[in-house]
Amino acid sequence: MTRACSQRRLGFPGHSNRSVLFRIMFWIVFLAASLGADLVWAAGRSVSWQEVLDLASEYHPPGCPPTLTAATCQEKQAYDLRLEILRLLEDGKSRPEIRQILVSEYGNDILSAPPPTGIGILVWAVPAAAVAAGLVVFVLIVRGRRPPSGG
Amino acid sequence: MGDLGRWSLILSAFVLLYMVVASACGAWKGKRRWVVSGRWAAIAAAGLASLASLSLIGLLVTGDFRYEYVADYTSRDLGLLYRIAAFWGGNQGSLLLWLWMLTLYTAVVTFARSEGRDRFQPYVTATLGVVALFFSLVLNTVAQPFQLLPAAGMDGAGLNPLLQNPGMTIHPLTLYLGYIGFSVPFAYGIAALFTGRADATWLRVTRRWSLVAWLFLSMGILYGARWAYEVLGWGGYWSWDPVENASLMPWLTATAFIHSSIVQERKGTLKIWNVALVILTFTLTIFGTFLTRSGIFWSVHAFSNGPLGAIFLTFVGIVLVGAFGLLAWRWPLLKSTAQPVAPVSKESSFVLNNVLFVSMAFTVLWGTVFPVITRGITGRQMVVGPPFFNTVTAPLAVALVLLMGIGTVAAWRHSTVRRVAASLMTPFFLTLPAVAIFIGVGIRDGAVLAALGSIVFVGAVTVREFGMGTAARMRLTGESAPVALVRLVGQQRRRYGGYLVHIAVLLIVLGITMSGVYGQQKQVVMKPGDVVAMGPYQLVLLGSATRDEPGRAVVYSQLLVRKNDRSIGILQPEDWYFLNGAQPAPQVAIRSTPVDDLYVVMAGMDATQGKVLFEIHLNPMLSWIWYGGYLLVAGTLISLWPARSALREVERVETPGAEVHP
């Protein structure tokens, strides 16, 4: 605590700006409430946190930004989902079982990458087809059946 | 000052229109006077865009809150650096920056003495003028930076706290310089099509432009990654966000172009492919601008919704149809001079490299737009997140790394499998013990072993190139090893600068692999005096406190870091609470070493009990990504640095009367 500027211990007695104090308290209470579950099980769990995060990276909590997974999102619903994954792991559920449970509970939107079924198959098949087509073009070029890329 | 800027912008549209018409008609009709007046219009346009830009910067610095843009992106308590950075921190300002840089580039290209200037210049100026005119029209209509507020405010909203980071002042600027830079090779490609002279001249002229744009884009991506790592607080640096993808896609096609242009320069082939790549790269830069402004994607980088997205998408469509239509028109001419590519040769390795780079760019594009496609078809937007991108791009990246080694040893024109295999034998046998060591230290994951083995293998191939070149030079000249190495690189800057960039890429891949696979994370609740272990470290919470700073209150904690029973430093993560009500921003504390990064975020607290919740990450070798970035910059600069003979050539050309211009 060596900063030269004014410092106070937590609790902020006599803080001059009540609105700032209010905001700080609001966020503290919000975060504490949303993370309360984490506080409860933080000690003494049998499943490692890393296992939870590895699995959480395969799921996208509803309401989180589309590019963040349950492992990286910092919204409350991500914390809740991580807790749910932890409970399922502690119950001895396997990865496919957990996937089945979460999909039945939330639908396919819970997956952070579409399953290769229905329209979701396109997202996986098209890149594979593109790479295959590129390799065919490469073979044609080096075999001299067509001029190199037409040029 | 605002009126000066507004009128400069309005005038710039007319001057740019004149520049396009005069240059295009002058070239088409062979009217030298029109071409010359088009050149002076390029200078005038650059001057007007500079006036407009400097006016906006002046308004931001002086805090003139009568203007909407100033009120939206600055505030009285904002420091000078961030007031200037606010110029590109918002939608209108960033578009004005684009226009400013583009008109400056146009003026430089128009007056630069270069090979084939008389033939290409009017078309190049006209093409760049069309792009600049588009931006000028947008700025004069739907994205006006000099819009006045109905009533002047006393203070502004301030710059987004997430953008108040030194890295964030550089990241957008370098990214824009990269994006805008690709306009120049694009304009030359179009000029080559118009003139029907698509030999390697336009590639030689634009090689440095392409490399400079590529360097800026690379720096922009790396700065962006570093900003995300240090500011966003989730322990990572890349989340496959649509706007991140928008910067990666042109980088991938541009990297393919930089390699394939070498083939055309050496062998006169791949002409259509090179023009197509440069069109794609330019279009992807505009597409990136569309992504940021369309509002159809969620992104931490997005500016706003509104008509801009539709306008940019229309422009992308016009560019694609126009440029590829031109390419189709010239197809027979370009096709006729094609030469075959031997199956085993440096050319074929470059073609395969191009296939992989373009496939990766397409994959990223597909994954980025797929949610919008599903929304259009099913009415529900599907999430395509990091697991998709990681799964699909990782094998392509490993293949590209391996190809980097194989392509290095393959000979031009024709080689044999036996010869290439013989050249790779020594690096291969060096890789085997390295892989055994990796297994010995506990790495069992096959994908990780493949990635690390590829890095060692290609690293050995590349280092051997330096070694063989140096040894040959020592034999010939009797120089010492350091002198021979420096002179070798100095005399073949393009080649060895490129090899340094290859090594830089290996370092980056190493950092990505190790931090991605072996990164650890934990959440812990601590009260003063508590100790938590993370890898080889022990962290002791000393305490938490608060302090006031201009515009914000700061809550912070101090953690003593110990290793092997020795104190090695203090980490101080913070949470910033802004007086203007903006969302609180965590300030990450990082202890970075070449071995690992210890990364601590204050995720929450229970003030009544004095407990703090921390997220602690241990990211092995992540800093090697940044080291690779520094080496990438150094290697590209070496590759860009003009050789003495080129400098003499420039001096000769610049001698008055040495060249006759139209």
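List of remarks:
- Those residues of segment A:90-102 which are within 19 Å of A:Q77 (Cβ to Cβ) and either open to solvent by 80 Å² or more (accessible area, probe 1.4 Å) or at pLDDT below 90 (or both), in sequence order: A:R99
- Considering the conditions (1) away from chain A (no Cβ under 14 Å); (2) loosely packed, with under 12 Cβ neighbours inside 10 Å, B:G379 is excluded by exactly one of them, (1).
Let's see how each residue does on (1) buried (at least 24 other Cβ atoms within 10 Å of the Cβ); (2) more than 30 Å from B:G158 (Cβ to Cβ):
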| residue | (1), (2) |
| --- | --- |
| B:A45 | yes, yes |
| B:A49 | yes, no |
| B:L56 | yes, no |
| B:G63 | no, no |
| B:E68 | no, no |
| B:Y73 | yes, no |
| B:Y82 | no, no |
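- Looking only at segment A:73-113, and only at residues there that are more than 15 Å from A:D54 (Cα to Cα) and hydroxyl-bearing (S, T, Y), the one that is farthest from the other protein chains (Cβ to nearest Cβ): A:S104
- Counting only residues that are without any contact (Cβ under 8 Å) to a residue 40 or more places away in the chain, within 14 Å of chain A (Cβ to nearest Cβ) and either open to solvent by 70 Å² or more (accessible area, probe 1.4 Å) or more than 13 Å from B:Y537 (Cα to Cα) (or both), segment B:557-578 holds 6 of them.
- Scope segment B:338-354; condition within 8 Å of chain A (Cβ to nearest Cβ) and open to solvent by 20 Å² or more (accessible area, probe 1.4 Å); matching residues: B:A338, B:Q339, B:P340, B:P343, B:L352
- The set of residues in segment A:114-123 being of a type in the set (A, V, I, L, M, F, W, C), within 8 Å of chain B (Cβ to nearest Cβ) and assigned to a helix (DSSP H, G or I) consists of A:L122, A:V123.
- Only a single criterion out of (1) under 28 Å from B:M154 (Cβ atoms); (2) without any contact (Cβ under 8 Å) to a residue 40 or more places away in the chain; (3) surrounded by fewer than 21 Cβ atoms within 10 Å (Cβ to Cβ); (4) not small (G, A, S) is not satisfied by B:W40, namely (1).
- Residue within segment B:138-149 that is within 27 Å of the chain's Cα centre (by Cα), at pLDDT below 85 and in a helix (DSSP H, G or I) present: no
- Residue check, A:A43 at negative phi, open to solvent by 40 Å² or more (accessible area, probe 1.4 Å), modelled with pLDDT of 90 or more and at the interface with chain B (Cβ under 10 Å from one of its Cβ atoms): no
- Flag for B:F65 being more than 29 Å from the chain's Cα centre (by Cα), part of a loop (DSSP other than H, G, I, E, B) and touching a residue at least 12 places away in the same chain (Cβ under 8 Å): yes
- Residues within segment B:526-550 that are open to solvent by 30 Å² or more (accessible area, probe 1.4 Å), modelled with pLDDT of 90 or more and either part of a strand (DSSP E or B) or not assigned by TED's automatic domain parsing to the domain that holds B:R562 (or both), tallied: 4
- Failed criterion for A:S112 (all others in (1) exposed (fewer than 15 other Cβ atoms within 10 Å of the Cβ); (2) touching a His at 6+ places or on another chain (Cβ under 6 Å) hold): (1)
- Among the residues listed as B:I638, B:I625, the single one being open to solvent by less than 10 Å² (accessible area, probe 1.4 Å) and either modelled with pLDDT under 90 or in contact with a Leu (Cβ under 8 Å, 6 or more places away or on another chain) (or both): B:I625
- Condition met for B:I508 (of a type outside the set (D, E, K, R), under 29 Å from B:L613 (Cβ atoms) and part of a helix (DSSP H, G or I)): no
- Qualifying residues in segment B:86-108 (those that are touching a residue at least 40 places away in the same chain (Cβ under 8 Å) and aromatic (F, W, Y)) - the one farthest from B:A143 (Cα to Cα): B:Y105
- Residue list for segment B:113-129, filter: surrounded by fewer than 24 Cβ atoms within 10 Å (Cβ to Cβ) and hydroxyl-bearing (S, T, Y): B:S114, B:Y123
- Taking (1) more than 14 Å from chain A (Cβ to nearest Cβ); (2) in contact with a Phe, Trp or Tyr (Cβ under 7 Å, 6 or more places away or on another chain); (3) open to solvent by 10 Å² or more (accessible area, probe 1.4 Å) in turn, B:W214 satisfies each apart from (2).
- Residue within segment B:441-450 that is farther than 28 Å from B:A342 by Cα, of a type outside the set (A, V, I, L, M, F, W, C) and touching a helix residue (DSSP H, G or I) at 6+ places or on another chain (Cβ under 7 Å) present: yes
The values are calculated or read from the model by the stated rules, or taken from the named source; none is laboratory data. This one's a predicted model, so the numbers in the text were calculated from it and none came from an experiment. We place every Cβ from the backbone using ideal geometry, glycine too, and count neighbours over all the protein chains shown. Side chains included, ligands, DNA and RNA excluded: accessible areas come from the protein's heavy atoms. Shrake-Rupley method; radii C 1.70, N 1.55, O 1.52, S 1.80 Å.
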